[in-house]
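Colleague: Dropping a structure here in structure tokens format, bear with me for questions.
The values are calculated or read from the model by the stated rules, or taken from the named source; none is laboratory data. Here the structure is a predicted model, which is why all the values come from computation and not from measurement. Every residue, glycine as well, gets a Cβ built from its backbone with ideal geometry; the counts of neighbours run over all protein chains shown.
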Amino acid sequence: MLPTLALLIAGGIVAQPAALAAETKYLCFQIFTYNPNPAQASMGENSNHPAAGFPNKKDLANYIEDITNRIGNKGDSHTKLAVIFGPLSFDHTDAEVAGFIKQGFDLAVEKNVAVGFHIDDSMFWAGRKDLAADPKNVEALDWDGTPCTGRRLDWGKDPSEAPPQLCFNSKAVEHAVDLRAALIGRTIQSGVKQLRELGKPDLFAGAIAGWETMIGQDFKTGKPLGYRALLNLGFSRQHPPPDMAAEREQVVQEFIDRWAKGLAGAGVPPQKIYSHTAFLSHRAFNLGDRPEVTYMKRTGDDAYSQHNHFAPPPVAFGPDHRPGFSTYPQPGLYDEIYAELARHGQTAWASSEGTDMQPESGPGQSGMNMETYLARMFNHGASLVNLYSWGIGGEANRNMGFRVVTEGPGALQAYRKFLSGQPLTEAPEGSTIQERLPTKIHRIQIELPAWLQKTHEVEKATQLMQTLDAHLRANELEEAEKTADTILQMIESPTPN
């Protein structure tokens, strides 16, 4: 049995098992490869999406050189700079995928930078007319088998529409996954063999087998999906499963396992295969989707599972891969990951996607810096951290919030520190506004109703809560915290006469 994650912290560094400490750790940068322009992050969403087709070698080489030149350190056998190419989607043909993976390994050798590959397991598949022709391959939004109109993607201020949600346990989909996983696995195995012959096996960072794998929501109605998978399992309106959420979670987990098993069976080492799920922590969930709007505590595992599109943290674990998560900062995220790792007796894991910023916020709003962000992962067993947004939008978008966070001077300094082998120091848990403020709001949720019953100071409380709401809506976290402190001081003060 693997040793559990050590929680002995001294100076921000977590003691780790010897086997894990000896592994190469990869600081990775995602390069988008759905379409020929690697600076364009849009993929197969919405009706005006670019046609699928991988970037050419020269453009990728330029992208890699920009990263390596500005960071100025590629690391060594213990800490190594890497790029992750992806998505490799069903919209790409088998020949395109195999050729692109080979090109990726060629670039790794030529640029002396580690390379990995990020698989889109189920989002962009409209090019597979063979699958689209059969409605049984499309998820349903009710027991009548009403097909999904499109999958909702909450990637920005407004939702985007992806092709309909694939049914994970459709026989045709399972067959397609088996064939594609074997193809990718064989091609990666061939590339790894080439690296070994050159004495550079550590230039392979790994394969991420999924892209926030989940059973999502119907785009037009917002309804949860998964009924086609349940029907395939023999359930019906008259005979539903005892636990609807748990059954769909298992479908998601088995789909992840199928991809990983296919890659491993073709020769990719399981310790180099990672899943990719995204979840809202219980701590953040219990504050509501938008704590600035809903001051209501929510409970219930079914609601939590559905909110996370049937991919809560345990779903990321499996026998042929290491767990991987999206790690944009949120209250309680890292503690929940650490706890889940310990519960599974697992030490190594991946940040499969993320950077030091929540998508809906701006630079500096996480309350951390890039060194603490990286330390929350690398100091706690992460063997691969995949950062998003480098170079997105090209020269015209250098001031975009995501890029400021990922490419700014402080971030570059943190990367150099990690790649030079220096220990990363992390701020203590609870030391940032992002971590303190939700706890204070949670206290207000619990204690304010009782205070109002005693004092009947409704007008005063309403004014303060409206002020708090306004600051949160504007992402004015420091002012929001000051208002929250005022409310808590009011609650703690002696009851007015």
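Colleague: Mind listing whichever residues of region 137-195 are of a type in the set (Val, Ile, Thr) and farther than 20 Å from residue 92 by Cβ?
Modeller: Answer for region 137-195, where residues must be of a type in the set (Val, Ile, Thr) and farther than 20 Å from residue 92 by Cβ: 138, 146, 149, 192.
Colleague: A follow-up question, please. Does region 391-402 contain at least one residue that is more than 23 Å from residue 156 (Cβ to Cβ), in contact (Cβ under 8 Å) with a residue 24 or more places away in the chain and buried (at least 19 other Cβ atoms within 10 Å of the Cβ)?
Modeller: No, the conditions are met nowhere in region 391-402.
Colleague: With 269, 224, 242 as the choices, which residue is under 15 Å from residue 306 (Cα atoms) and either in the same structural domain as residue 348 (by TED's automatic domain parsing) or surrounded by fewer than 23 Cβ atoms within 10 Å (Cβ to Cβ) (or both)?
Modeller: The conditions single out 224.
Yes/no per residue for (1) outside any loop (DSSP other than H, G, I, E, B); (2) within 27 Å of residue 387 (Cβ to Cβ); (3) among the acidic types (Asp, Glu):
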residue: 158; (1), (2), (3): no, yes, yes
residue: 164; (1), (2), (3): no, no, no
residue: 174; (1), (2), (3): yes, no, yes
residue: 178; (1), (2), (3): yes, no, yes
residue: 184; (1), (2), (3): yes, yes, no
residue: 191; (1), (2), (3): yes, yes, no
residue: 214; (1), (2), (3): no, yes, no
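Colleague: Return the total of residues in region 444-474 being surrounded by 15 or more Cβ atoms within 10 Å (Cβ to Cβ) and either closer than 20 Å to residue 331 by Cα or within 29 Å of the chain's Cα centre (by Cα) (or both).
Modeller: 6
Colleague: Follow-up question, since we're still on this one. Cβ contacts < 7 Å: first residue in a loop (DSSP other than H, G, I, E, B), restricted to region 301-316; second residue among the acidic types (Asp, Glu), any location; separation 6+ or different chain. Result?
Modeller: Sorted first by the residue in region 301-316, then by its partner, the pairs are 310/249; 312/249.
Colleague: Further question: Working only within region 176-202, note down all residues that are touching a residue at least 12 places away in the same chain (Cβ under 8 Å), of a type in the set (Lys, Arg) and touching a Gly at 6+ places or on another chain (Cβ under 9 Å).
Modeller: Selection gives 180, 186.
Colleague: Which one of 229, 245, 205 is in contact (Cβ under 8 Å) with a residue 12 or more places away in the chain and in a strand (DSSP E or B)?
Modeller: Among 229, 245, 205, only 205 is in contact (Cβ under 8 Å) with a residue 12 or more places away in the chain and in a strand (DSSP E or B).
Colleague: Only one of 107, 131 is under 26 Å from residue 213 (Cβ atoms), of a type outside the set (Val, Ile, Thr) and in contact (Cβ under 8 Å) with a residue 40 or more places away in the chain; which?
Modeller: Matching residue, one of 107, 131: 131.
Colleague: Oh, and also: Starting from residues that are more than 28 Å from residue 323 (Cα to Cα) and of a type in the set (A, V, I, L, M, F, W, C), keep the ones in region 220-242 and report whichever is nearest to the chain's Cα centre (by Cα).
Modeller: 231
Colleague: Looking at 408, 381, which is the one that is surrounded by fewer than 19 Cβ atoms within 10 Å (Cβ to Cβ) and either on the phi < 0 side of the Ramachandran plot or among the small types (Gly, Ala, Ser) (or both)?
Modeller: It is 408.
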